1. Beyond 24 Å, what percent of the Cα pairs of segment 1-151 remain?
2. Return the sequence-ordered ³J(HN,Hα) values of segment 325-335 in whole Hz as given by the Karplus equation 6.51 cos²θ - 1.76 cosθ + 1.60 applied to θ = phi - 60°, using x for Gly and Pro.
3. Quick one: Debye curve from the C-alpha atoms of segment 30-106, no solvent, what's log10 I(q)/I(0) at q = 0.12, 0.14, 0.18, 0.21 Å⁻¹?
4. Suppose a student asked you for the relative contact order of segment 207-254, using Cα pairs under 8 Å spaced at least 6 residues apart; what percent would you report?
5. Taking H placed 1.01 Å from N in the peptide plane, check which residues at least 5 places from PHE14 or on another chain put their amide H under 5 Å from its amide H.
6. Enumerate the calculated ³J(HN,Hα) couplings along segment 98-106 in order (Karplus 6.51 cos²θ - 1.76 cosθ + 1.60, θ = phi - 60°), each rounded to whole Hz, writing x wherever the residue is Gly or Pro.
7. Going by amide H atoms built from the backbone, whose H comes under 5 Å of the H on ASP156, apart from near neighbours?
8. Can you compute the charge dipole magnitude of the chain about its Cα centre, using +1 on each Lys and Arg Cβ and -1 on each Asp and Glu Cβ, nothing else charged? Give it in debye, rounded to the nearest 20.
Amino acid sequence: MREYNMADSPPTDFRVGLVGLGSLGIRLGRQFDSVPNTELVAIADINEDNLVEAGSELEVAASARYTDYETMLAEEPLDAAAIATPNGLHYAQVVAALERDLHVLCEKPLATSVEDARDLYRRNQETDRVIMLGYQRHLNPAFIMARERWATGDNDPTFITGEITHDWRSYYESMDDWRMSPELSGGGHLLNVGSHVIDAILWVTGLTPTHVNANVEFHDEDEIFDKQSSITIEFENGALANVSDSGIVACTREHIHIWDDDGAVYLEGREWDERTGYTIDAEGTEHDPYLDYHGRQTKAEAFIEAVREGTEPPITVQDAFRTMIVTMAAYESGRTGERIDLADRYSFVGDGLLD
């Protein structure tokens, strides 16, 4: 495990600046407000109405509300930056925060291209600052239970299915939301939402992906904004994962089912409720283990704990980079109709990145 230098990070009065004040940013701001000895001291957003509303709710002084995040980073005495902006802004904002020697909590995805994600992976290897991503299923007790069975346990997954659905129909019809901007979004439903399932499968199983084959239905002629997809991920141990993703249905549902020789773990979700899980034994009997969903950490709590204790965060840059590689390979397969050999397409994965 990497070591983090905590000599210049005070155990109290930890100061955070928040960039991006949409609904996700507001939730992060509330989380930081609830962490002891942590203060949200500055906020930034290009929308002045958002600044006024969020500044009032989060009790951030008017003098510490910025329409330019770089000015905030330059003028405020911060220990960390939290980033909850559209996808296409993540790379530049993480780099800017790291260059100010700040710890960083960034919402997913890591970037909107494999090249930018690779650069952030390199920077992460070279810094002693903590960088944590926002794939929150890593903090969910059901997913932690599954990871203890496979990635950090002794069982070997053999068959995996994952599905996530969501209603983006109005976005595709109007094409006026930031999610439909190539520069701000970088992709369609798969990158924005479906990557949660890809990340979860990679994280809980610990398997090494080798090939990706996908059928993708695009909305635009440039084949950037996918509406739905069907993806097969092949793993080094011979296991298969079938992932289905759709942004053109009426409700949000999520299902991840993972089998091994001793049974299975089923991970389920409805709308924005907490994702839950149960197990199936080798004889096919279902079991409902007790899991403390109410005691789970928030992203802010997990991030601050990693910073203060000098430990690896629960959602690492490598986790997010692995997810980016598989996701972008699915897009490429969908555009070309080819089965993508990850080691052949991305020569740098040979250094154990996908293990």
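1. 34
2. 4, 5, 5, 5, 5, 5, 4, 5, 4, x, 6
3. Here the Debye-derived log intensity ratios amount to -0.31, -0.42, -0.72, -1.00.
4. Numbers: 78 pairs, mean separation 15.9, N = 48.
Relative contact order, segment 207-254: 33 percent.
5. THR38, GLU39
6. Using θ = phi - 60°, the values come out as 5, 5, 8, 6, 9, 6, 9, 10, 10 Hz.
7. Amide H neighbours of ASP156: ASP261.
8. Numbers: 27 positive and 67 negative charges, 29 e Å.
So the dipole magnitude of the chain works out to roughly 140 debye.
The values are calculated or read from the model by the stated rules, or taken from the named source; none is laboratory data. Values in this document were obtained by computation on a predicted structure and should not be read as measured data. In this analysis, Cβ positions are derived from the backbone assuming ideal geometry, glycine residues included, and neighbour counts consider all displayed protein chains. Accessible surface areas use protein heavy atoms only, side chains included; no ligands, DNA or RNA. Shrake-Rupley method; radii C 1.70, N 1.55, O 1.52, S 1.80 Å.
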